[in-house]
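Here the structure comes first, spelled out in structure tokens, and everything after it is commentary.
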There are 2 protein chains.
Amino acid sequence: MSKLVPPHGKEERLIPLLLEGDALKAEEKKAKSLKQLTSTSRETSDLIMLGIGAFTPLTGFMGKADWQGVCDKYLMADGTFWPIPITFSTDDEDVKEGDEVALKDVDTGTIIATMKVTEKYTVDKEHECKKVFGTTDMEHPGVEKVMGQAKYNLAGPVKVISESFYPEQFKEIYHRPAESRKIFDDKGWSRVAALQLRNPMHRSHEFLAKIAVEVMDGVYIHQLVGKLKPGDIPADVRVRAIQALVDNYFVKDTVVQGGYPMEMRYAGPREALLHATFRQNYGCSHMIIGRDHAGVGDYYGPFDAQKIFEEIPEGALKCKNLNIDWTFHCYKCMGMASMKTCPHGKEDRLLLSGTLVRKTLSEGGDLPKEFSHPEVVAILKEYYQNLDEKVEVKLHGAATGDANKK
Amino acid sequence: MSKLVPPHGKEERLIPLLLEGDALKAEEKKAKSLKQLTSTSRETSDLIMLGIGAFTPLTGFMGKADWQGVCDKYLMADGTFWPIPITFSTDDEDVKEGDEVALKDVDTGTIIATMKVTEKYTVDKEHECKKVFGTTDMEHPGVEKVMGQAKYNLAGPVKVISESFYPEQFKEIYHRPAESRKIFDDKGWSRVAALQLRNPMHRSHEFLAKIAVEVMDGVYIHQLVGKLKPGDIPADVRVRAIQALVDNYFVKDTVVQGGYPMEMRYAGPREALLHATFRQNYGCSHMIIGRDHAGVGDYYGPFDAQKIFEEIPEGALKCKNLNIDWTFHCYKCMGMASMKTCPHGKEDRLLLSGTLVRKTLSEGGDLPKEFSHPEVVAILKEYYQNLDEKVEVKLHGAATGDANKK
């Protein structure tokens, strides 16, 4: 009997939309004969999240009523809590309600899913941006993507037939929610905190995880392995760097490293809620929310993503926020601390900007051991020193997928 | 509107039994004319806990049905959760049901309360010891006290007329639950963790508090200021040492120092539940439970006091356990860690026995700064170096109060 938090939604069971066996083979065959619509990298990653049950209880892309309710009240038409619209857009004038279509990933050309179109509708994109991102500024990467969506939204149930390259490329860490739940169950965990990561773990991230280990049964170090921004460290390097940290600085069986295929929306508070929502499906009772969680630029206050959890209806989410402030090494505290526990001044704290860290590593320099453990630095240094050729490949890959439909 | 956890019991309001104003004056006068029964230091401290509302919803000493239910099922006769019998004993053969009596503290001679005797009964003390302490070994200090109780238990509602020397002697930290609640309310706290202390705070205790500060609104450093064991550091020295730590190593308004007059029973798991029960009355939503909490000798497993919280009926207590493992400085971790977060060996950890710490300080030596901050060590060193005369006074005081009735 699992002691984990139940999946999100009224039925409290995982609803994976990925086909298997004969049903999969039949659908793959059928898909080839269907009209093919282009799926952006964000839409593809959402489809895979739907496929593996991470977006339980969604059964496909949202219709207008769900879109409106989610934008305005965090609620789908049936009253289920959901914080960010999950939608698919197209400029195709011919596709109509009742059609069945195949959704083909723009980057890889893989058909990811089929969809039965139940609704074709238009939305006020600015309204969505105001509600979800709190801004319509096109400099905001999430706004840019929503404003760049095609003319129509298509809604309807999906059947997912491919997880794309994720299971293969991220073999060691790619988990479906049913798998992470089994891992946690096997360890006898019930209170599990998710740590959202899209960068290597320095000691500041280690500290977030360790605070959670102290007060929970375990921590799920859950990395975004969806599309990267240029300049980000590739997932395979991150995985190795994190594993070095886990192997050398954590007690066995207190942390599990995992990856999920979603893309960042940089929606700050709303995205923190989305992170908690799908982490509940992965079996996490708590979601670590740090300073400016899932934020970008200066669009959100440092604690907006923590506060929003107090504003949603009670019981909306069973995965609760575990708020932790900005963390750093303080020489006077003689260890890691946060703005909430360290009363000392800037001069006592070791604070390095991301830019300085990258510069130091790419020049082959060492980071202070209070900032990052040598085992981790060694892996990052190696990556940065071989960066020139690698970055070209990565940027090329990223460039196509990040293209908007318009 | 307070956001704090409500007081314990069905009514969810504090029930202080301390009289005030004219009612107090009248009762004081009446008490002098009543039969006077001797109250041991434990009974006196329980009376004051009743007086200030810390033992809400108790209205006096327990009768046989409550005693039996608390021993066997953690439940009073009316179904209210309570983990340890709160009883008064006497050898007086003449006192009978219906009598009103005055309860006079054995140490100070102060009349602490009056009681309307509603029941005079005997108990199987060995049964109580087995249930509460898990042992009948007379070497156990809690067992010794219960077995040393007088022949009869007297039950009945009490009217408390004195808090003895506590408000005066511990002016800076003595709080009634209504006061601590006001302090927390004024800070806007809702999630407050209590840290039980009966020793000075070294970095290991600081770390317990800081973990809680990270994940709560605030921490109540709540010291036992009831009767000491010989060799314990007096409360006034502790208060100064803790204040030095708070002033230099905590962010303002994240911790509050308080004191409460109860005596230790050393009942391990059962006492951990009692600590959480009365901390709920003080306004704490969480109780930090460390390794061997409230234990003595080898009577309890290191995590028994954590596990027992899983065994009581759901909803029995609104104050939840915040479990933290044994803590220490680890040189490889470069900071404080616990058995749950540090994978390294003994050779990497700074572990000092209490005996060695006392020896070092009394000889004027310094403790490593990773063990205890210099501001704290300075205060303790000063105390130990002047110990010879002080200890005699303290031991003399303790000797009378610890005497059993038999």
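The values are calculated or read from the model by the stated rules, or taken from the named source; none is laboratory data. Fair warning: this is a prediction, and the values are worked out from it, not measured in the lab. FYI the Cβ positions are ideal-geometry reconstructions off the backbone, even for glycines, and counts take in every protein chain you see. The accessibility values were calculated without ligands, DNA or RNA, using every heavy atom of the protein model including side chains. Shrake-Rupley method; radii C 1.70, N 1.55, O 1.52, S 1.80 Å.
Taking only protein heavy atoms and a 1.4 Å probe, what accessible area per residue, in Å², does the protein assembly as shown have with all protein chains in place? Please report the intermediate quantities before stating the final value.
Details: 32800 Å² over 812 residues.
Ligands and nucleic acids excluded, the figure is 40 Å² per residue.
In percent, what relative contact order does segment B:21-163 have, based on Cα pairs under 8 Å that are 6 or more apart in sequence?
Numbers: 255 pairs, mean separation 44.8, N = 143.
31 percent.
Among A:Gly231, A:His202, A:Val255, which residue has its Cα furthest toward the positive end of the charge dipole of segment A:193-256, with +1 on Lys/Arg Cβ and -1 on Asp/Glu Cβ?
Result: A:Gly231.
Under the definition of Cα pairs under 8 Å and six or more residues apart, what whole-number percent is the relative contact order of segment B:168-386? Write down the numbers at each step before the final one.
Details: 349 pairs, mean separation 47.5, N = 219.
Computed over segment B:168-386, the figure is 22 percent.
Mind checking B:198-211 for the average number of partner chain beta-carbons within 10 Å of each residue's beta-carbon?
Average per residue, whole number: 2.
With θ set to phi - 60°, apply the Karplus curve 6.51 cos²θ - 1.76 cosθ + 1.60 along segment B:279-292 and write out the HN-Hα couplings as whole Hz, x wherever there is a Gly or Pro.
Along segment B:279-292, the couplings run 5, 4, 5, 6, x, 8, 7, 9, 10, 6, 10, x, 6, 6 Hz.
Taking R0 as 35 Å, what's the FRET efficiency between B:Asp137 and B:Gln385 from their Cβ-Cβ distance, rounded to 0.05?
0.40
Helix B:235-249 versus the longest principal axis of chain B: what angle, 0 to 90°, nearest 10, using Cα atoms?
Compared with the principal axis, the helix lies near 40 degrees.
Starting from the Cα of B:Lys32, draw a straight line to each of the lysines and keep only those under 20 Å, dropping any in the same chain fewer than 8 residues away.
Straight-distance partners of B:Lys32: B:Lys96, B:Lys104, B:Lys116, B:Lys159.
Just need the Rg to Rh number for segment A:21-163, please, alpha carbons only, Kirkwood Rh.
0.96
Under 16 Å Cα to Cα from B:Lys346, which lysines show up? Leave out anything in the same chain fewer than 8 places away.
Cross-link targets: B:Lys332.
Could you name the aspartates and glutamates in cross-link range of A:Lys252, using Cα to Cα under 20 Å and dropping any fewer than eight places away on the same chain?
A:Glu172, A:Glu179, A:Asp185, A:Asp186, A:Glu206, A:Glu214, A:Asp217, A:Glu375, B:Asp325, B:Glu347, B:Asp348
Figure the gain on full extension for B:Glu179 and B:Lys332 (residue separation times 0.36 nm, minus the Cα-Cα span) and round it to one decimal in nm. Show your work: numbers first, answer last.
Numbers: separation 153, 0.36 × 153 = 55.08 nm, distance 4.28 nm.
Length gained, B:Glu179 through B:Lys332: 50.8 nm.
Total Å² of accessible surface buried at the A-B contact, 1.4 Å probe, nearest 100?
Adding both sides of the contact gives about 2500 Å².
Could you pull out every residue, at least 5 positions away or on a different chain, whose amide H is within less than 5 Å of the one on A:His293? Hs are placed 1.01 Å off N in the peptide plane, and Pro or chain starts have none.
A:Ala305
Counting GluC sites (Glu not before Pro) as exposed when in a DSSP loop with at most 14 other beta carbons within 10 Å, what is the longest stretch of chain B free of them?
After excluding every exposed loop site, the longest remaining stretch is B:173-313.
Going 7 Å from the Cα of A:Met147 toward and past its Cβ, which residues in segment A:109-133 have a backbone nitrogen under 19 Å from where you end up?
Under cut-off, by backbone N: A:123-133.
About the Cα centre of segment A:278-395, how large is the charge dipole given +1 on each Lys and Arg Cβ and -1 on each Asp and Glu Cβ? Please answer in debye to the nearest 20.
Roughly 260 debye for segment A:278-395.
Using the Karplus equation 6.51 cos²θ - 1.76 cosθ + 1.60 (θ = phi - 60°), what ³J(HN,Hα) coupling, rounded to whole Hz, does each residue of segment B:154-171 give in order, writing x for Gly and Pro?
In residue order, the calculated couplings are 10, 10, x, x, 10, 10, 8, 10, 8, 9, 6, 7, 4, x, 7, 6, 10, 2 Hz.
If amide hydrogens are placed 1.01 Å from N in the peptide plane, which non-local residues have theirs closer than 5 Å to the one on B:Ile86?
Those qualifying (amide H under 5 Å, at least 5 residues apart or on another chain) are B:Met62.
Specify the inter-centroid distance of segment A:288-323 and segment A:83-100, based on alpha-carbon positions, in whole Å.
Here the answer is 30 Å between Cα centres.
Apply the Karplus curve 6.51 cos²θ - 1.76 cosθ + 1.60, θ = phi - 60°, to the phi angles in segment A:309-323 and return the couplings in whole Hz, x for Gly and Pro.
5, 7, 9, 7, x, 4, x, 4, 10, 8, 7, 9, 6, 10, 7
Using a 10 angstrom cutoff on alpha carbons, build the Gaussian network for chain A and name the most mobile of A:Ser190, A:Ser353, A:Ser285.
It is A:Ser353.
Rounded to the nearest 0.05, what FRET efficiency do A:Asp22 and A:Asp94 have when you use their Cβ-Cβ distance and R0 = 30 Å?
0.45
Might you report the magnitude of the Cβ-based charge dipole of the protein assembly as shown about its Cα centre, with Lys and Arg at +1 and Asp and Glu at -1, to the nearest 20 debye?
It comes to approximately 100 debye.
Specify the residue with the greatest mean-square fluctuation among A:Arg265, A:Arg13, A:Arg238, computed from a Gaussian network of chain A linking alpha-carbon atoms under 10 Å apart.
Answer for the Gaussian network model of chain A: A:Arg13.
Size of the dipole of segment B:21-163 about the Cα centre, Lys and Arg at +1 and Asp and Glu at -1 on the beta carbon, nothing else charged, in debye to 20? Spell out each step's value before the answer.
Values: 18 positive and 25 negative charges, 60 e Å.
The dipole of segment B:21-163 has a size of about 280 debye.
Based on the Cβ-Cβ distance from B:Lys73 to B:Thr118, what FRET efficiency comes out when R0 is 30 Å, to the nearest 0.05?
The pair B:Lys73/B:Thr118 has a calculated efficiency of 0.85.
Sorted by accessible area (1.4 Å probe), largest first, how do B:Met138, A:Met147, B:Met62 line up?
Largest accessible area first, the list is B:Met138, A:Met147, B:Met62.
In segment B:168-386, with Lys and Arg counted as +1 and Asp and Glu as -1 at Cβ, which of these residues, B:Phe184, B:Val213, B:Ser353, has the Cα nearest the positive end of the dipole, that is, farthest along it?
B:Phe184
Compute the Rg to Rh ratio over segment A:79-231 from the alpha carbon atoms, using the Kirkwood formula for Rh, and round to two decimal places.
Checking Rg against Rh, the ratio lands at 1.02.
Calculate how many DSSP beta bridges within segment A:21-163 are antiparallel, expressed in % of all such bridges and rounded to the nearest 5.
The answer is about 75 percent antiparallel.
Relative contact order, percent, of chain B when contacts are C-alpha pairs under 8 Å separated by at least 6 residues?
19
At a 1.4 Å probe radius, carbon and sulfur cover how many percent of the accessible area of segment B:224-263?
Accessible surface attributable to carbon and sulfur in segment B:224-263 totals 53 percent.
Towards the positive end of the charge dipole of chain B, with charges on Cβ (+1 Lys, Arg; -1 Asp, Glu), say which of B:Tyr300, B:Tyr282, B:Leu50 has the farthest Cα.
It is B:Tyr282, whose Cα lies furthest towards the positive end.
Taking amide H atoms as placed 1.01 Å from N in the peptide plane, list the residues 5 or more away in sequence, or in a different chain, whose amide H sits under 5 Å from that of B:Asn321.
Correct list: B:Met287.
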